[in-house]
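Asks: Just dropping this structure here.
The values are calculated or read from the model by the stated rules, or taken from the named source; none is laboratory data. All of these numbers come straight from a predicted model, not from anything done at the bench. No Cβ is skipped: glycine too gets one built from the backbone with ideal geometry, and neighbour counts run over all protein chains shown. The protein model used for the area step is the full one, side chains on, heavy atoms only, and it has no ligands, DNA or RNA in it. Shrake-Rupley method; radii C 1.70, N 1.55, O 1.52, S 1.80 Å.
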Amino acid sequence: MDDVYGSGRRRWITAIATGLLVTVTAPTMAATNSLSGGIDNRFSDNARRDSSNEESDLETRVNLNFQHLSDPGQCTSLVDMGLGYGYWHDDAFDSEVYTRGMLRGQCELAKGLSWEASDTISQVTRDTRAADTQDNLTRKNVFRTGPVYTLELTPVDQIQFSAAYENTEFEEPEEEDSERLTGTVAYNHSFSQTLQLGVSTSAERTELDTGEELDRESVVGTFNKVWATTRVSGSLGVNRLETRLGTQELSTDGVTGTLNLVREISPNSEFTLNANRRLTDQTSTLGVQFGDFNFNLTQSTAVEVTAVRMGYNNRFSDGSTFLGTVSASRSDYLQTGDREELTGIGARYSRPISELLSWFLDTAYQHQRFEDESAEDDLASLSMGLDYLLTSRMDIRAAIGHRQKNSDIASREYQENWVAVSLNYQFF
């Protein structure tokens with residue numbers, strides 16, 4: 001049972017989150033629900049992605065996914081959860097239960113006052129320098145809850161007060177869990193229906209189970225602008241982060257901000273840009289916001305992160321689709337002085353062959369640089385396959401792929417060829 005739920009404390013936190021969200025959703029049971037499941041079989045000629053001791057194995061994984069979206073009302077909720085069980089036929093790894101997903105709810109308690117709760121479960125990389133295998137992953141659970149009060153000063157001016165408690169726990173006991181308290185006051189002015197500007201200030205206290213304490217204070221300006229085909233929002237401000245562990249103290253100041261842009265190029269194509277610069281710690285939710293970003297959990301806690309991601313997607317008249325992404329990030333670990341840099345590019349193209357059959361091609365490349373080792377890694381992957389719709393509820397996918405990692409450190413290099421076949425069924 002520990003594989004499913006982790007420690008007793010994690011079970012308690014998850015139970016609290018689930019209970020709150022069920023309470024939130026109770027008045028709005030007329031909702032959209034979907035349940036799907038499937039079985040994945042993946043054979044690899046180097047399952048452990050080892051540089052010298054290559055070992056082939058077949059993993060069979062059974063998956064179940066549930067989605068829920070409530071109707072608009074006094075209370076709203078969103079659920080997107082997945083559960084899986086993976087079995088390795090030749091014991092390259094132990095069998096394991098996988099969980100991932102998000103539960104989010106909000107309920108209006110009184111005029112202007114609402115209560116929010118969320119719980120996010122994800123599989124994250126423990127050591128960004130090692131191969132991305134089952135042994136290098138850990139389950140991360142982030143539970144957050146608190147009140148939000150919005151006061152309408154005038155039809156175009158509002159002030160918002162919010163407070164939140166956040167608990168972050170990792171499945172592996174050696175990773176640093178945390179509890180976080182945050183208070184925020186924000187003022188917003190609407191110049192028009194398409195332009196809003198504001199300013200906010202926040203204070204945050206984070207306590208880790210190692211005894212380390214982190215205090216973060218920030219003052220930022222915010223903006224939100226909408227044009228006919230473009231939406232842009234973001235923030236810019238100053239942050240101060242203080243960390244304390246025993247007699248050691250470290251204080252860091254920095255300019256931080258966010259930028260989110262969506263540009264509709266045509267009715268069938270769109271460009272997106274997301275950027276984030278933050279003084280934070282490894283237990284924060286930044287990795288959730290940037291799906292291809294990972295903290296190195298073997299490094300120090302306090303970290304300055306700069307991450308940028310651009311994306312372009314297009315749907316052509318013949319039904320084919322294209323998705324391309326470019327990303328870059330830099331992590332400066334404040335206590336050790338280590339720096340990690342990551343750049344990446346990826347593309348996916350799919351094209352229908354018939355009404356029931358389509359083919360796809362995926363390719364990706366990443367370059368990592370570790371300043372303390374003066375080492376660089378390159379990871380490239382390529383896969384292609386077929387999707388076939390057996391019935392209106394059932395589809396099958398078959399794919400082959402290749403991964404190759406080159407590194408200045410020989411022990412980190414590997415090559416892998418794989419074949420996968422998946423069957424999925426939509427129950428409702």
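Asks: Can you name the residue in region 149-183 that is of a type in the set (Val, Ile, Thr) and in a strand (DSSP E or B) and, of all such residues, is most open to solvent (accessible area, probe 1.4 Å)? I'd like the intermediate steps shown before the answer.
Replies: Filtering region 149-183 for residues of a type in the set (Val, Ile, Thr) gives 150, 154, 156, 159, 168, 182.
Still in the running and in a strand (DSSP E or B): 150, 154, 159, 168, 182.
Numbers: Thr150: 33, Thr154: 56, Ile159: 36, Thr168: 1, Thr182: 24 Å².
Looking at the filtered set, the residue picked out is Thr154.
Asks: While we're on this one: Since Asp318 meets every condition but one in (1) part of a strand (DSSP E or B); (2) over 20 Å from Ala130 (Cα atoms); (3) open to solvent by less than 80 Å² (accessible area, probe 1.4 Å), which condition does it not meet?
Replies: Of the numbered conditions (1) part of a strand (DSSP E or B); (2) over 20 Å from Ala130 (Cα atoms); (3) open to solvent by less than 80 Å² (accessible area, probe 1.4 Å), the odd one out for Asp318 is (1).
Asks: Are any residues in region 106-136 among the aliphatic types (A, V, I, L, M) and in contact with a helix residue (DSSP H, G or I) (Cβ under 9 Å, 6 or more places away or on another chain), and if so, which ones?
Replies: Ala117, Ile121, Val124, Ala130, Ala131
Asks: Now a separate question. Output the residues belonging to region 243-269 that are closer than 22 Å to Gln282 by Cα, of a type in the set (S, T, N, Q) and exposed (fewer than 15 other Cβ atoms within 10 Å of the Cβ).
Replies: Matches in region 243-269: Thr247, Gln248, Ser251.
Asks: Now, a different point. Given (1) under 27 Å from the mean Cα position of the chain (by Cα); (2) in a strand (DSSP E or B); (3) buried (at least 17 other Cβ atoms within 10 Å of the Cβ), where does Val199 come up short, assuming only one miss?
Replies: Val199 satisfies all of (1) under 27 Å from the mean Cα position of the chain (by Cα); (2) in a strand (DSSP E or B); (3) buried (at least 17 other Cβ atoms within 10 Å of the Cβ) except (3).
Asks: Out of (1) over 26 Å from Val62 (Cα atoms); (2) in contact with a helix residue (DSSP H, G or I) (Cβ under 8 Å, 6 or more places away or on another chain), the odd one out for Leu103 is which?
Replies: Only one criterion in (1) over 26 Å from Val62 (Cα atoms); (2) in contact with a helix residue (DSSP H, G or I) (Cβ under 8 Å, 6 or more places away or on another chain) is unmet by Leu103, namely (1).
Asks: Considering region 359-372 alone, what residues qualify as being open to solvent by less than 70 Å² (accessible area, probe 1.4 Å) and within 15 Å of Thr128 (Cα to Cα)?
Replies: Here is the first cut: in region 359-372, the ones open to solvent by less than 70 Å² (accessible area, probe 1.4 Å) are 360-364, 366-368, 370.
Hits for region 359-372 are Gln366, His367, Gln368, Phe370.
Asks: Another question about this same structure. Exactly one of these conditions fails for Glu116: (1) modelled with pLDDT of 95 or more; (2) open to solvent by less than 20 Å² (accessible area, probe 1.4 Å). Give me its number.
Replies: All conditions are met except number (2).
Asks: Now for a separate question. Is it fair to say Glu264 is over 22 Å from Asp332 (Cα atoms), of a type in the set (Asp, Glu) and in a strand (DSSP E or B)?
Replies: Details: over 22 Å from Asp332 (Cα atoms): yes; of a type in the set (Asp, Glu): yes; in a strand (DSSP E or B): yes.
Yes: the conditions hold for Glu264.
Asks: I'd like to verify a number: residues in region 270-297 that are modelled with pLDDT of 85 or more, surrounded by 18 or more Cβ atoms within 10 Å (Cβ to Cβ) and aliphatic (A, V, I, L, M), how many?
Replies: To start, the set of residues in region 270-297 that are modelled with pLDDT of 85 or more comprises 270-279.
Subset that is surrounded by 18 or more Cβ atoms within 10 Å (Cβ to Cβ): 274, 276-279.
With the extra rule that they be aliphatic (A, V, I, L, M), the set shrinks to 279.
Within region 270-297, residues that are modelled with pLDDT of 85 or more, surrounded by 18 or more Cβ atoms within 10 Å (Cβ to Cβ) and aliphatic (A, V, I, L, M) number 1.
Asks: Restricting to region 95-122, count the residues that are free of Cβ contacts under 8 Å to residues at least 24 places away in the same chain, more than 25 Å from Thr32 (Cα to Cα) and not hydrophobic (A, V, I, L, M, F, W, C).
Replies: Summing the residues that are free of Cβ contacts under 8 Å to residues at least 24 places away in the same chain, more than 25 Å from Thr32 (Cα to Cα) and not hydrophobic (A, V, I, L, M, F, W, C) in region 95-122 gives 2.
Asks: Related question: Evaluate region 124-147: report whether one residue or more is of a type in the set (Phe, Trp, Tyr) and open to solvent by 50 Å² or more (accessible area, probe 1.4 Å).
Replies: The answer is no, given that none of the residues of region 124-147 is of a type in the set (Phe, Trp, Tyr) and open to solvent by 50 Å² or more (accessible area, probe 1.4 Å).
Asks: Name the one entry in Leu334, Leu379 that is under 28 Å from Leu241 (Cα atoms), surrounded by 14 or more Cβ atoms within 10 Å (Cβ to Cβ), out of contact with any Pro (no Cβ under 9 Å at 6 or more places or on another chain) and aliphatic (A, V, I, L, M).
Replies: The conditions single out Leu334.
Asks: OK, next. State yes or no: is Asp332 over 25 Å from Gly401 (Cβ atoms), at pLDDT below 90, charged (D, E, K, R) and out of contact with any Phe, Trp or Tyr (no Cβ under 6 Å at 6 or more places or on another chain)?
Replies: yes
Asks: Confirm whether Ser300 is surrounded by 16 or more Cβ atoms within 10 Å (Cβ to Cβ), at pLDDT below 90 and among the small types (Gly, Ala, Ser). Spell out how you get there, then give the answer.
Replies: On the way: surrounded by 16 or more Cβ atoms within 10 Å (Cβ to Cβ): yes; at pLDDT below 90: yes; among the small types (Gly, Ala, Ser): yes.
When the stated conditions are applied, Ser300 passes them.
Asks: Right, next: Please verify whether region 323-331 includes one or more residues that are within 25 Å of Gly37 (Cα to Cα) and open to solvent by 60 Å² or more (accessible area, probe 1.4 Å).
Replies: The initial filter retains those residues of region 323-331 that are within 25 Å of Gly37 (Cα to Cα), namely none.
For region 323-331, residues within 25 Å of Gly37 (Cα to Cα) and open to solvent by 60 Å² or more (accessible area, probe 1.4 Å): absent.
Asks: Something else about it: Identify, by number, the condition in (1) under 22 Å from Glu169 (Cβ atoms); (2) at pLDDT 95 or above; (3) among the polar types (S, T, N, Q) that Ser233 doesn't meet.
Replies: (1)
Asks: Sticking with this one: Of the residues in region 321-374, how many are closer than 30 Å to Ser251 by Cα, not aromatic (Phe, Trp, Tyr) and not in a loop (DSSP other than H, G, I, E, B)? If you could, list the steps in order and put the result at the bottom.
Replies: The initial filter retains those residues of region 321-374 that are closer than 30 Å to Ser251 by Cα, namely 327-343, 368-374.
Right, trim to not aromatic (Phe, Trp, Tyr) and you get 327-332, 334-343, 368-369, 371-374.
Those still in the list that are not in a loop (DSSP other than H, G, I, E, B) too: 327-332, 339-343, 368-369.
Number of matching residues: 13.
Asks: Please specify each residue of region 399-428 satisfying the condition of being of a type in the set (A, V, I, L, M, F, W, C) and surrounded by 14 or more Cβ atoms within 10 Å (Cβ to Cβ).
Replies: So the first thing to find is which residues in region 399-428 are of a type in the set (A, V, I, L, M, F, W, C), and the list is 399-400, 409-410, 418-421, 423, 427-428.
Within region 399-428, Ala399, Trp418, Val419, Ala420, Val421, Leu423 qualify.
Asks: Still on this model: Check Arg216, Arg231, Arg240 and return the single one that is within 23 Å of Val305 (Cβ to Cβ) and open to solvent by 60 Å² or more (accessible area, probe 1.4 Å).
Replies: Working: Arg216 fails: open to solvent by 60 Å² or more (accessible area, probe 1.4 Å); Arg231 fails: within 23 Å of Val305 (Cβ to Cβ).
Selected residue: Arg240, the only one of Arg216, Arg231, Arg240 that is within 23 Å of Val305 (Cβ to Cβ) and open to solvent by 60 Å² or more (accessible area, probe 1.4 Å).
Asks: Restrict the check to region 92-104 and report whether at least one residue is among the β-branched types (Val, Ile, Thr), modelled with pLDDT under 95, surrounded by fewer than 17 Cβ atoms within 10 Å (Cβ to Cβ) and not in a strand (DSSP E or B).
Replies: No - not one qualifying residue is present in region 92-104.
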